[in-house]
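The values are calculated or read from the model by the stated rules, or taken from the named source; none is laboratory data. These numbers come from a predicted model, not from an experiment. We place every Cβ from the backbone using ideal geometry, glycine too, and count neighbours over all the protein chains shown.
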Amino acid sequence: MLGEPSTLASVGVAVRLALAECGLDAESVFDDVGLDVGITKKHEARIPLSQATRLWARLVELTGDPAFGLVVARFIRPTITHALGQSLLASTSIADAVARIGRYDKTVTSGTELEVNPGATRTELFLRFPHSTIQPAPQGRDCMLALLMHSFRSLAGGAFRPLRVTLSHPDYGLAKRYDEVFGCEVLFNARRDGLSIDNKTLNQPCAYGNPELAREIDKISEQYLRKLDSPATSYRVQHLIQQGLPSGQLSQDEIAKRLNRSISSLRRDLHNEGTSYKSLLEETRETLAKAYIEHGRHSLAEVAYLLGFSDQANFTRAFRRWTGSTPSEFAGQEDAQ
C-alpha cells in the first residue's frame, strides 16, 4: 500500500524473545511474512503496518494464543522503543508521560495515536487509528495498552492500576488472563480500545522524575520525527514504480538514477526500511491489480498492460501467486459481494 503507516522494527526484539520463550524460531517466523529478522537490530528501521499485521496473524497461528500481544508486551524494554521509552521513565508524572506520548508516539508507530479525553474525576485514553484503510491487529492493540500500563506502573512505583480497560475484540475465552494482566475491570467487544485512569493517580508526582533529562531525551525524538516527516525512500520508489509500470516498469537501476542514488545506497536504505525493490514492485502491482479489477473499468488484458506484464498469462500467474485465485475468479468474488 502506497504511503502506509509503519512501526519501529526494534520492537520486534520483544517478538523474538517471546517466540524463544515458546520454543519457536524467530528467523523462520519472520521469513514467513517476508521480513528479515535482522531488521529488529536496526534501531531506526521501520516495518510497514501491513507486514506487522501479517506477523501478528502468523504469531497467533503458530502459538494458538490470540492474546499473544500480552506476552510480547512483557519483553518490551525502554531501549527498544527509541528515545520515547527512556523519556517516559524520566517523566515527572503519568500526566507528563501521557503528554509526551501524544507528541512522540509516531516515533514508535505511525498507525496509532493516543487520544486523551479528560473528565472531572477520571481521564480516558483511547487508541485512535488515523489510517482508515489499514489498522493494527487486535494483538498489536493489546500490546500497546499493556505497554502503557507497564510504563505507568514503573512511574507510579509499581502501584498503578487503571480504573477500567476496554477492548474492541472478544475475550477469546481468556477473560481471566486479561484481568490478571491489567489488574482491573476489562470490558470486551467495546466500541474502542483504551484505558481509564483516576485523575489523582494521573497527576501524582513521580519520585523518580527528572525533567531536565526528559527534555534532553526529547531532542532525540524531535530529530527522529523530522526524519519521518520527509518521504521514506520506499514511498518514493513505489511512486516511481507506479508511474513506470505501463511502459514496462522502471528497473532498479533507472529508479536509483532518478533518485540521484547509487544502486547500493538505494538497496541499503530500502533494507533499513524493511523492504526491497522486488517486494515494492510486487506490492504495488498487487494493490493496483485489485483496484483495477474492483473498479471494473478495464479488461484483464488492459490491466496486464497497465501493470507492465508482457502478456495476460504472466499477469494471471502473478495474480494467483498473490491471492490464490485468478483475476477472473477474483472479479467474480467482488461481483458476488
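Yes/no matrix, rows are residues, columns are (1) crowded, with 17+ Cβ neighbours inside 10 Å; (2) at positive phi; (3) touching a helix residue (DSSP H, G or I) at 6+ places or on another chain (Cβ under 6 Å):
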| site | (1), (2), (3) |
| --- | --- |
| Ser264 | no, no, no |
| His271 | no, no, no |
| Thr284 | yes, no, yes |
| Thr287 | yes, no, no |
| Tyr292 | yes, no, yes |
| Gly296 | no, yes, no |
| Ala301 | no, no, yes |
| Ser325 | no, no, no |
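Would you confirm whether any residue within region 54-63 is modelled with pLDDT of 90 or more and hydroxyl-bearing (Ser, Thr, Tyr)?
So far as region 54-63 goes, yes, one or more of its residues are modelled with pLDDT of 90 or more and hydroxyl-bearing (Ser, Thr, Tyr).
When we screen Leu245, Leu225, Leu213 for residues that are farther than 30 Å from Ser91 by Cα and surrounded by 12 or more Cβ atoms within 10 Å (Cβ to Cβ), the only hit is Leu245.
Here Glu212 fits the description: in the same structural domain as Ala14 (by TED's automatic domain parsing), outside any strand (DSSP E or B), without any contact (Cβ under 8 Å) to a residue 60 or more places away in the chain and under 25 Å from Lys106 (Cα atoms).
Can you confirm whether region 122-137 contains a residue that is over 30 Å from Glu4 (Cβ atoms), over 17 Å from the mean Cα position of the chain (by Cα) and surrounded by 15 or more Cβ atoms within 10 Å (Cβ to Cβ)? Yes - at least one qualifying residue is present in region 122-137. Here Leu245 passes the criteria (1) over 21 Å from Ala9 (Cβ atoms); (2) touching a residue at least 40 places away in the same chain (Cβ under 8 Å); (3) in a loop (DSSP other than H, G, I, E, B); (4) not small (Gly, Ala, Ser) except the one numbered (3).
Determine whether Leu167 is crowded, with 16+ Cβ neighbours inside 10 Å, within 20 Å of Ser87 (Cβ to Cβ), touching a strand residue (DSSP E or B) at 6+ places or on another chain (Cβ under 9 Å) and among the aliphatic types (A, V, I, L, M). Spell out how you get there, then give the answer.
Details: crowded, with 16+ Cβ neighbours inside 10 Å: yes; within 20 Å of Ser87 (Cβ to Cβ): no; touching a strand residue (DSSP E or B) at 6+ places or on another chain (Cβ under 9 Å): yes; among the aliphatic types (A, V, I, L, M): yes.
No, not satisfied.
Screening Arg100 against (1) of a type in the set (D, E, K, R); (2) over 18 Å from Glu222 (Cβ atoms); (3) more than 17 Å from the chain's Cα centre (by Cα) leaves a single unmet condition, (2). When Gln223 is tested against (1) in contact with a strand residue (DSSP E or B) (Cβ under 8 Å, 6 or more places away or on another chain); (2) free of Cβ contacts under 8 Å to residues at least 40 places away in the same chain; (3) in a helix (DSSP H, G or I); (4) not acidic (Asp, Glu), exactly one condition is not met: (1). Being assigned by TED's automatic domain parsing to the domain that holds Ala45, closer than 28 Å to Lys227 by Cα and either in contact with a Phe, Trp or Tyr (Cβ under 9 Å, 6 or more places away or on another chain) or not in a strand (DSSP E or B) (or both) holds for only one residue in Pro170, Pro205, Pro136, and it is Pro136. Within region 119-129, the residues that satisfy the criterion of being closer than 16 Å to Ser168 by Cβ and modelled with pLDDT under 95 are Arg128, Phe129.
Condition first: in contact with a helix residue (DSSP H, G or I) (Cβ under 8 Å, 6 or more places away or on another chain), of a type outside the set (D, E, K, R) and in contact (Cβ under 8 Å) with a residue 40 or more places away in the chain. Now tell me which residues in region 170-190 satisfy that. Scanning region 170-190 gives Tyr178, Val181.
Residue check: is Gln238 outside any loop (DSSP other than H, G, I, E, B), outside the structural domain of Thr107 (by TED's automatic domain parsing), buried (at least 18 other Cβ atoms within 10 Å of the Cβ) and modelled with pLDDT under 90? Yes.
Of the residues that make up region 146-153, is at least one closer than 28 Å to Asn199 by Cα, touching a residue at least 60 places away in the same chain (Cβ under 8 Å) and under 15 Å from the mean Cα position of the chain (by Cα)? Walk me through how you get there before you give the answer.
Applying the first criterion (closer than 28 Å to Asn199 by Cα) to region 146-153 yields 146-153.
Checking the rest, the ones that are also touching a residue at least 60 places away in the same chain (Cβ under 8 Å) come to 146-147, 150-151.
Filter once more, so that each one left must be under 15 Å from the mean Cα position of the chain (by Cα): 147.
There is at least one residue in region 146-153 that is closer than 28 Å to Asn199 by Cα, touching a residue at least 60 places away in the same chain (Cβ under 8 Å) and under 15 Å from the mean Cα position of the chain (by Cα).
Within region 279-337, being closer than 19 Å to Gln238 by Cα and not in a helix (DSSP H, G or I) holds for Leu307, Gly308, Phe309.
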